[in-house]
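Every read-out reported here was derived from the displayed coordinates using simple, explicitly stated rules and does not represent laboratory data. As the structure is a prediction and not an experimental result, all values here were calculated from the model. We place every Cβ from the backbone using ideal geometry, glycine too, and count neighbours over all the protein chains shown.
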Amino acid sequence: MNFSEHHLSDSELRPFFTDKRNIDDNSRAAALIRQQNDRVDGWPRLIRNLDTYSRIQKDVVNVQGIDIVVTLNETRAPSITAKTFESKQFNSQPCILCNLDAEQKGILTLENRFIVLANPGITIPGDLTIASVNHDPQMIAGSFEEIVSLSKTLTDYSIFYNGAMAGASSPHFHFQAGLKNTLIAEQQIDRLLNGSRVGNAELIQLCESKTGRLFFLNNYLRAAYLAVSSDYQEVSRLFRWFYMHLQQVDRLIRGNPNVPDFGARIISMNINETEPRMNLMLKYIPETAKYLLVIFPKVFNRPAAYFKTGTEQLIVGMAIKESLGNLITVREADYEHLKTDPSLFTKIYSDTSITPEMIEELNKSLKMK
Ligand SMILES: [Zn+2]
């Protein structure tokens with residue numbers, strides 16, 4: 001892949017920096033968003049989507065004491081309806097991350113291994129897609145250090161990862177990023193870590209090392225795990241250890257209607273599935289010099305309601321933004337249903353998260369250190 005024609009140098013970004021003295025990847029990303037949104041030189045698809053985004057509808061629904069944001073947001077339609085990993089046939093369409101639009105620009109980071117792009121599917125303006133410069137498969141094993149480095153470089157952002165069978169919309173290796181603490185669950189998790197209440201949610205510590213701690217987040221509608229450490233090596237080690245145990249537990253994903261068995265062929269990547277299904281968020285907090293990793297282990301990205309017909313159907317795709325409490329709909333009827341029936345959220349989260357039996361087995365193995 002040749003990204004050189006899409007890469008913007010600091011001198012090309014210069015008109016878009018607000019502070020020309022302190023240039024780092026945070027200010028480059030902010031300048032990139034301004035450049036891509038420029039009416040003359042920008043990226044028409046992003047500009048159109050920002051116009052659509054200005055008209056989104058949004059509501060907050062309290063579900064068993066926990067607030068969830070629901071939006072009607074058509075800019076997310078391509079990723080919400082993407083069937084990249086559900087198709088039974090190999091997709092012969094060209095890869096969208098290898099074949100960027102002519103006006104789509106980015107900045108290279110981590111010694112040119114990744115290109116940072118504006119994410120055209122906007123949950124919050126400023127959202128980024130961070131794509132590998134190579135068409136590698138969407139698998140994080142062996143690349144966890146990369147997400148740790150990104151979190152340390154892009155400190156204004158939370159870095160996200162969706163596993164292939166857990167809501168990613170492209171088989172090309174990529175992360176996403178969003179401005180820190182803009183999604184409701186990020187704020188709720190911070191409150192819990194500071195000892196405040198969020199519904200009946202509770203942090204249960206599973207294990208502790210010299211520099212890190214791992215928690216299970218109980219009674220939070222969806223299964224979630226938190227790792228906190230001031231040491232980047234420790235956060236990587238905790239993640240690898242979690243990954244290995246979740247991989248064992250994911251063997252229980254089999255024989256569910258509409259959910260591919262764990263370990264089956266992933267046609268769009270031409271490999272057999274080995275990666276446990278999950279959504280990740282990682283951020284580095286300079287004020288406390290700590291990393292916060294949040295893992296949402298998943299059964300699949302589609303709840304049962306997705307496969308129903310007529311008025312019972314809900315077109316939703318449960319990926320990291322949804323795990324972080326921002327449920328995105330692209331049809332008015334789905335938006336109205338969800339706004340008026342909190343029990344639908346309970347069902348959607350429980351359909352797509354790992355089951356209570358899987359949680360029990362996982363927690364048992366994570367406690368053994
Ligand atoms: Zn590609």
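Within the shell of other residues whose beta carbon sits under 9 angstrom from the beta carbon of P44, the net charge comes to 0, with Lys and Arg scored +1 and Asp and Glu -1.
Provide the packing ranking of 303-309, 238-244, i.e. peptides ordered by the mean count of other C-beta atoms within 10 Å per residue, highest first.
Output ranking for 303-309, 238-244: 238-244, 303-309.
The phi torsions of the stretch 285-295, fed into the Karplus equation with coefficients 6.51, -1.76 and 1.60 and a -60° offset, translate into couplings of 10, x, 4, 10, 6, 10, 9, 10, 10, 10, 10 Hz, rounded to whole numbers, with Gly and Pro shown as x. One Cα centroid belongs to the stretch 1-59, the other to the stretch 258-280; the line between them spans 34 Å. Building the convex hull from the alpha-carbon atoms of the stretch 10-367 and averaging its projection over directions returns 17.6 nm². Under the rule a/c < 1.5 gives rounded, and otherwise a/b versus b/c splits prolate from oblate, where does the stretch 290-369 land using the Cα gyration tensor? Because a/c hits 1.5 or more and a/b exceeds b/c, the stretch 290-369 counts as prolate.
Under a 5 Å amide H cut-off, with hydrogens placed 1.01 Å from N, G263 pairs with E273 among residues at least 5 apart or on other chains.
In terms of overall dimensions, the stretch 217-369 has a Cα radius of gyration and Dmax of 16.8, 51 angstrom. Think of the stretch 10-367 as having a plus end and a minus end, set by charges on the Cβ of Lys, Arg, Asp and Glu; of V63, I115, I33, V63 sits farthest toward the positive end of this dipole.
Here's how it looks for S353: its modeled amide H is under 5 Å from those of V299, which are all 5 or more places away or on a different chain.
For the options N181, N134, N200, a Gaussian network treatment of the chain with springs between C-alpha atoms closer than 10 Å singles out N200 as fluctuating the most. Which of K58/K180; K283/K339; K83/K180; K58/K283; K58/K105; K152/K298 have a Cα-Cα distance over 23 Å? In this structure, K283/K339; K83/K180; K58/K283; K58/K105; K152/K298 exceed 23 Å between Cα atoms. Shown for the chain: cysteine residues without a partner Cβ closer than 4.7 Å, namely C207. Ranked by the mean number of other Cβ atoms within 10 Å per residue, highest first, peptides 208-216, 49-57 order as 208-216, 49-57.
Of interest is the spacing of the C-alpha centroids, which for the stretch 332-346 and the stretch 212-240 amounts to 31 Å.
In this entry, the stretch 86-177 is assigned a mean projected area of 6.5 nm², taken as a quarter of its C-alpha convex hull surface. Beta bridges per DSSP, both residues in the chain: antiparallel share near 90 percent.
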